[in-house]
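Derivation of every value follows stated rules applied to the coordinates shown; laboratory data play no part. It should be emphasised that the depicted structure is a prediction, and the values quoted were computed from it without experimental measurement. Positions of Cβ are backbone-derived with ideal geometry, glycine not excepted, and every protein chain shown enters the neighbour counts.
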Amino acid sequence: MRTTTPKEDFTRGIWRENPVFLQMLGLCPALAVTNTVENAIAMGLATFFVLFCSSLLVSSCKSFIPHEVRISTYILIIATFVTLADMVLEAVVPEVHKELGAFIALIVVNCMILGRQEAFASKKPVGRSLLDATGTGIGFLIAMLMMGGFREVLGMGTFLGFELFGPSYEPWVVMILPAGGFLTLGFIMLGFGYYEQRKIAKAKEMSDVEGRVTS
Amino acid sequence: MSDQSLFTIFLSAAVINNFTLAMFLGLCPFMGVSARVETAVRMGMANIFVLLITSICAWGLNTFVLEQAPFLRVISFIIVIASLVQIVEMAIKKLSPTLFRQLGIYLPLITTNCAILGLAMFQTSRNYDFLQGIAFALGAGAGLTLALVLMASIRETSELSDIPAMAKGTGLVLIIAGSLSLAFMGFAGLLSGS
Amino acid sequence: MSDETNAQEASPVAAAPEEPGVSAVRLFMTLAVAGAMAGLLIVMVNQFTQPRIIAYKAKMLKLAVTEVLQGPARYDTLYLIDGALTPDLPAGLKPEKQKAIYVGYTEAGEIKGIAIARGESGFQDVVMLIFGIDPATQGLTGMKILASKETPGLGDKIYKDLDFVQQFFEGPTVPLLGVKIGAGDGAPNEIDMITGATISSRAVIRIINNAVTEWEPFFENLDKKPVAARGETK
Amino acid sequence: MSALLSFKSGVHPPDEKAITAGIASRRLPFPDELILPLSQHLGAPAKALVQIGDRLQRGDMLAEASGFISAPIHATAAGTVKDIALWPHPNGGSVEAVRIKVDPYSTQQTRPRMVPRWEDLEPSQISDAIREAGVVGLGGAAFPAFVKLNPPKDQKIEVLLINGCECEPYLTSDHRVMLERAEQVHTGIRILLKGLGITKAVVGIESNKPDAIEAMQKAAPTDLDVSIQPLQVKYPQGAEKMLIKAVTGKEVPSGALPSVVGAVVQNVATVAMISEVFETGLPLIERIVTVTGRGIKKPGNWVVPFGTKLRDLLDQCGGLTDDAEEVVFGGPMMGLAVGNLDVPILKGTGGVLVLSKDECKQQEVMPCIRCGRCLEACPIFLNPQKLGSLARVERYEEMVETHLNDCMLCGCCSYACPSNIPLSQLFAMSKNQLRKISS
Amino acid sequence: MTDKALHVTASPHIRAADDTPTIMWSVVMSLAPVVGASIYFFGPSALLVILASCAGVLLVERFFGTSGGKSLFDGSAVITGVLLGLTLPPGFPLWMAFLGGAFGMAFGKLIFGGLGQNIFNPALLGRAFLQAAFPVAITTWTVPTENWLSLRGDNFAFPLMSPSLADGMTGATPLGLMKFEQISTEILPLFWGSTSGSVGETSTLFILLGGIYLAARNHLNWRIPASIFLTVAVMAGGIHFYDNSYPGPLFMLCSGGLMLGAVYMATDMVTSPVTNLGSWIFGFGIGFLVVVIRLWGGLPEGVMYSILLMNALVPFINRATQPRVFGTGTQRQEGAAS
């Protein structure tokens, strides 16, 4: 594995290797609970919490965990923090908890978290792991916010409950339905694809120009 | 809430609130394994099998073990399911090496497949009894398989088309999934028609 | 299957030569310790959160019952045990798993109404609601949707459209009959349905009618057997 | 119509046979020069036996067969070998050919008999005689005719099928053969039956040639079990497998030869020429060729010596019209377009088609709209739609799984395709690619 | 004789007369009476809605299509636009119709690579999107007004804003009446088309005429509508016979979008199976789903969803109904045995 700087550990997950948009991890929550910005933020924060705590624990205990049972142990650790997050959310913000429902428990099976443990926390020192977890967590939060924002603004005409376009706005109900989740992520991925293509085209153009100049 | 008939539960999980297209569960195989119809079918079958076991286990754990400690559900479900999938994996490896090779890395992923844990959690929060749980698991499995096979056959066809470069890969799959989800909305209200 | 082969199969990528000597005992111990610690942590946090969660649930239930019974002086929870209603829950049974109704009383100790919760399939998924009924007049005293995934902007009008909800507080008699707005002839059991959300409207009406049918046999006994003041008071 | 025997699927292109069907065949004057490519048949090219300057009589063998599936080539007119060099071939590209300067003063009379009388031969010797006479299938594929007379020992031949369908639109050479040489055809059948050691033959003729059916029926011998079977007009009725299916109801298994189902198929023109070969004692040196289409001034049917240059033949027919667009060797469905008028007429050339602009208007290729017409057209029941899309993305292995090798390139799918996708061309190219990959 | 430049093309050198643009334009032409009838019944609103959806489709095709506008002339995009317009209510806001056309074209067709490569019928996908996005507007059926020239609803609602509709201007479709109020509609008006409903779906007569014309020219696969009609008639008939509170087969066939869907949407060549057996299965599936959704589903109408669902199944049907290749399979044994 290529060595990375601490700064890279942190920034990588935020955008360049965004867990949702570029690694296609954690799709289930990114699609299921992003119908409002509020839900998206709550989910993002809960996931962030679990990721951060699990990374902390895993990277600090990595020398005690035999290789054979590492996955089981990671899952156990993650599940513990998920349960904690679940209980705390239910006690503190019961309304949001009701909206998110079983999807909080499903943070356990968010491949992004297990993936970070296996790929990073179990191999790197605590500080680096926390940087990585923070970066990835922020990346996930950003993705959730983008999804939630797009869907809530179009689907209800509001952002975090604030009306944006006045009372006679015609909401695009489809956006807050399941189909809207797929379509929104699809639009974003198409945007990424378009950007990628343009970059490739530009690079090609540049090399063509250079080729012409040198020849 | 557990007044629903078995058929209602089955139909709801299979088409009306399709596990993948409306509840977003089991997306990893949906995006990953759904490039070939044969693999999708087998993956679906493996899922149905694991879902059934999960449902029975979740019901057993809830009724007999976790009566007093509901807060340990997530942990105990995930552990029991993980061990079960391990066993299934070994069994498949032994019984059908071809199948094992084709499903490759996705079999262990069934453990961390939201559909499995999701089934256990939803079944619990809806207070399903044993038979309702079975119906739920079968419905969910049928729904997953249906979505997988549809997606796989559509992708097989689309592979031969001139997909615009920007849509190659995930973009197209998501748009297809969105379209499927739109189409499945036609089943809404199927059980409440007067 | 031995542990070594198992581990190798599970992680073909782990090319690092492993010590063959990691004993099964150690593996087991690691998991056991981790499990024990996890359990401990969860139980500890649970100690703090559980009371709040229970209190919140109770509060929400009380709010709902109070709303649909239009402010009873107090109400009792009656459980259906072995085909009879009883305020006492036999030991070992969990309250949330039992079928129950909530009987509200006036200051004078007369029955003000009965609140019943029930869920059935709506347009998308299960619609869960609670409603109050006055057994004397067979008229509803209120209705509140507890949970629903009905289509936003359309089916969700069953709790967002206040005109629709208000009708259930105005004492319509059971069995309810859904009619198109303006198409009714003024009978006391008519409910104007929501334009464009007929299925969801009908689901609400159906759920209430079914609940009444199910619980009606018990209504008469209630009158004869006023329960002593106990349970929660307002 | 529906009562007539046929196969499933296929297409119904307009037959356009009226242009030449009524024109009796005439002998083409010997040209000044003949071009005889060493590869005029399916299989290994023949090996030249002559040298520049050699004087040849009409019927002299100038190249011998080189292998089991191969055929000798004979001089089709008396003259001098001018050159042995590469020459444009109708299939495209150039192949080794013997150029003969025709002796303008020769009477082109027949020398003493080169082929023995068939009556004198044992059954087993008949096939050898046919082989020596250089007879190949005149239906188009030019498969050496004797091979079919030697089926594998474990396969019992029950019936000889004579292909008089001529299902390609425009062409009428077989039609003329049946009208003008019905007796000869029946003699040919007699010879082949003797060679095969069986007694049953069926002649399949598409019902758009009632006069040919009548002529053949009139000439049929009474001592042999030969029946004339009218068939539905449909392309490709004349393909071996389709003819067998139509007449016997049996399907030749995928990848197998007709002998597996007990049938041997010969083209009606081949049979007539076999008879002629034994009659005259000369090897196969000429055939009837239809020159037709709206791009030729005087269409007709001609008895043409092999090696005649296309240019000479077309000149004889008055030349091309102004709107002539494409010259095709063979029929419009499977024939090959030629770009060079110097190519010679070969053993397998049943017709020369000169299409006008209107007849072969160039149409833009559109995307496939999955209308399914190619599936309805394919006589082999392939899925050309899928094969076509696989070919587009060059997934040749999957094409083989989709039964590409069963495709006989009949062109039905291309004909039917409303989007003008050159399906059969794609399949031919894919087959070539696969051959390259495997070799 | 002078040599002239000869064309050298691959065989076959002749082609069947039908080509794709011919087929497409003949479908458009056959829709003309349907469009005419819609204008007759619903006034200028009908034309406006059709034009708006066509505009959405054509603009997207022009600016995002790969052929750079050439495909505008093969008729395929026009069909999508007209068909989408025909499935919308007459009073539908034009901006929504435009959006539906644009969505259907972009995500139903272009994203799959354009003409011939899409999985879902683009017109119906556009409509499904509109149905999910604006469920109220798309089920608001305006009643006919006295004045033929007046608009039927709020066609000119400001983009992104809700249409406004005065009370009393809306009615219910025959299917809605049947489902929610158990009121049946006479067959004759259904057949002629003078009922409320989407712009182009009401007139069974004109749609059937168009279908017969296309079938006669072999421009549509008659097996698909035939199997849909058959399935619906048999199922609805059986259920009606068993419990006559359910609508009868004639009502089922003539009401709602069944005719339009069966004749023009389901038969879209690109999104229907390539095999004949597949076509029968496809039609049967659509008919079955239509009856199930109409009788037991939440919506009064299910044709759009039925077709989309079966569209999704088409690649699978194509796979499963591959024809038996000549000389393989069962026939071979028969041949070998005899």
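The table that follows gives values for the structure above.
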| quantity | calculated |
| --- | --- |
| Computed helical MRE - 222 nm, chain D, DSSP H runs ≥ 4 contributing -39500 (n - 2.57), nearest 500 | -7500 deg cm²/dmol |
| Shape of segment A:1-98, Cα gyration tensor, a/c cut at 1.5 | oblate |
| Helix-only mean residue ellipticity at 222 nm for chain C, each DSSP H run of n ≥ 4 adding -39500 (n - 2.57), per residue, nearest 500 | -13000 deg cm²/dmol |
| At least 24 Å along the helix axis (C-alpha) and Kyte average at least 1.0, DSSP helices within chain A | A:37-61, A:70-92, A:126-156 |
| Ranked list, fewest to most other Cβ atoms within 10 Å of each Cβ, for D:Cys407, B:Cys57, D:Cys165 | B:Cys57, D:Cys407, D:Cys165 |
| DSSP beta bridges in the protein assembly as shown [antiparallel fraction, %, rounded to 5] | 75 percent |
| Under the span-like rule (Cα at least 27 Å along the axis, Kyte-Doolittle mean at least -0.5), DSSP H helices of chain C | C:24-68, C:198-224 |
| Footprinting exposure proxy for A:Lys204, B:Lys168 (fewest neighbouring C-beta atoms within 10 Å first) | A:Lys204, B:Lys168 |
| Where the Cα pairs of segment A:81-215 fall when distances are cut into 10 Å bins, in % | 10, 23, 29, 21, 11, 4, 1, 0 |
| A:Leu22/E:Thr145 FRET efficiency (R0 45 Å; Cβ-Cβ; nearest 0.05) | 0.25 |
| Cα-based helix-to-principal-axis angle, E:276-296 vs chain E, degrees rounded to 10 | 20 degrees |
| Under 15 Å from D:Lys82, Cα to Cα: aspartates and glutamates that are on another chain or at least 8 residues apart | D:Asp32, D:Glu33, D:Asp54, D:Glu96, D:Asp103 |
| Computed label-point distance, nm, for sites D:Val95 and D:Thr321 using a 7 Å Cα→Cβ extension | 3.3 nm |
| Tensor-based shape of chain D (alpha-carbon gyration tensor, a/c under 1.5 rounded, otherwise prolate or oblate) | rounded |
| 20 Å binning of all Cα-Cα separations within the protein assembly as shown, expressed as whole percents from 0 upward | 9, 29, 28, 20, 10, 3, 0, 0 |
| Low-density loop positions, GluC sites (Glu not before Pro), segment D:351-439 - DSSP coil, at most 14 other Cβ in 10 Å | D:Glu364, D:Glu394 |
| For q = 0.16, 0.17 Å⁻¹, Debye-computed log10 I/I(0) when each Cα of segment B:6-187 counts as one equal scatterer | -0.95, -1.05 |
| Residue with peak Gaussian network fluctuation, chain C [Cα springs, cutoff 10 Å], from C:Val65, C:Val25, C:Val174 | C:Val25 |
| Qualifying chymotrypsin sites (Phe, Trp or Tyr not before Pro) for segment D:331-426 [loop in DSSP, other Cβ within 10 Å: at most 13] | none |
| Cα principal axis extents for segment E:161-275, largest first, Å | 48, 44, 25 |
| In segment D:146-220, GluC sites (Glu not before Pro) in a DSSP loop with at most 15 other beta-carbon atoms within 10 Å | D:Glu158 |
| Percent antiparallel among DSSP beta bridges (both partners in segment C:68-224, rounded to 5) | 90 percent |
| Set of lysines near A:Lys199 by C-alpha distance (under 29 Å), chain-local residues within fewer than 8 positions excluded | A:Lys7, B:Lys168, E:Lys70, E:Lys109 |
| Degrees, to the nearest 10: E:122-133 long Cα axis against longest axis of chain E | 30 degrees |
| Paired Rg and Dmax values of segment D:295-439, which use every Cα atom, in angstrom | 17.7, 49 |
| Relative compactness, segment C:170-225, computed as alpha-carbon Rg over 2.2 N^0.38 Å | 1.33 |
| Range in chain B, longest, excluding exposed GluC sites (Glu not before Pro) [loop by DSSP; at most 15 other beta-carbon atoms within 10 Å] | B:68-158 |
| Spin-label model distance (nm) - C:Tyr56 vs E:Val8, 7 Å beyond Cα toward Cβ | 8.2 nm |
| Overall Cα dimensions of segment E:20-320 - principal axes, largest extent first, Å | 51, 47, 31 |
| D:Ser254 versus D:Arg27: modelled label distance in nm, points set 7 Å from Cα along the beta carbon direction | 5.1 nm |
| Candidates D:Gln51, D:Gln237, D:Gln184, ranked by Gaussian network fluctuation over chain D, Cα under 10 Å, top entry | D:Gln51 |
| Ordering of E:175-183, B:119-127 by packing [mean C-beta count within 10 Å, highest first] | B:119-127, E:175-183 |
| Shielding by partners - mean other protein chain Cβ count within 10 Å, residues of D:387-394 | 2 |
| Packing-based exposure ordering (other Cβ within 10 Å, fewest first) of C:Leu27, E:Leu313 | C:Leu27, E:Leu313 |
| Cut-off 18 Å (backbone N to label point 7 Å along Cα→Cβ of C:Val33), residues of segment A:109-131 | A:122 |
| Two-decimal ratio, chain C, of alpha-carbon radius of gyration to 2.2 N^0.38 Å | 1.49 |
| Kirkwood Rh, Cα atoms: Rg over Rh of segment D:373-438 | 0.93 |
| Nearest-ten-degree value, helix E:223-242 long axis tilted from longest Cα axis of chain E | 50 degrees |
| Computed FRET value (nearest 0.05) for D:Arg55 with D:Lys218, which takes r as the C-beta separation and R₀ as 41 Å | 0.40 |
| Backbone HN-Hα couplings from phi across segment B:64-78 [Karplus 6.51/-1.76/1.60, Hz, Gly and Pro as x] | 10, 9, 9, 3, 9, 10, x, 6, 8, 4, 3, 4, 6, 4, 5 |
| Cut-off under 5 Å, modelled amide H: who pairs with C:Ile81 long-range | C:Thr86 |
| Using a Förster distance of 25 Å, the FRET efficiency for E:Leu51-E:Thr22 (Cβ separation, nearest 0.05) | 0.55 |
| Candidate lysines - alpha carbon under 24 Å from D:Lys218, same-chain residues fewer than 8 apart omitted | D:Lys17, D:Lys194, D:Lys200, D:Lys209 |
| Prolate/oblate/rounded label for segment B:139-194 (Cα gyration tensor, a/c 1.5) | prolate |
| Expected-Rg normalisation [2.2 N^0.38 Å, Cα atoms] applied to segment D:150-234 | 1.11 |
| Alpha carbon centroid spacing (whole Å) that separates segment C:145-176 from segment A:142-181 | 24 Å |
| Estimated [θ] at 222 nm from DSSP helical runs (n ≥ 4, -39500 (n - 2.57)) normalised by residues in chain B, nearest 500 | -21500 deg cm²/dmol |
| Residue among E:Ile50, E:Ile39, E:Ile207 with the largest mean-square fluctuation in a Gaussian network model of chain E, springs linking Cα atoms under 10 Å | E:Ile39 |
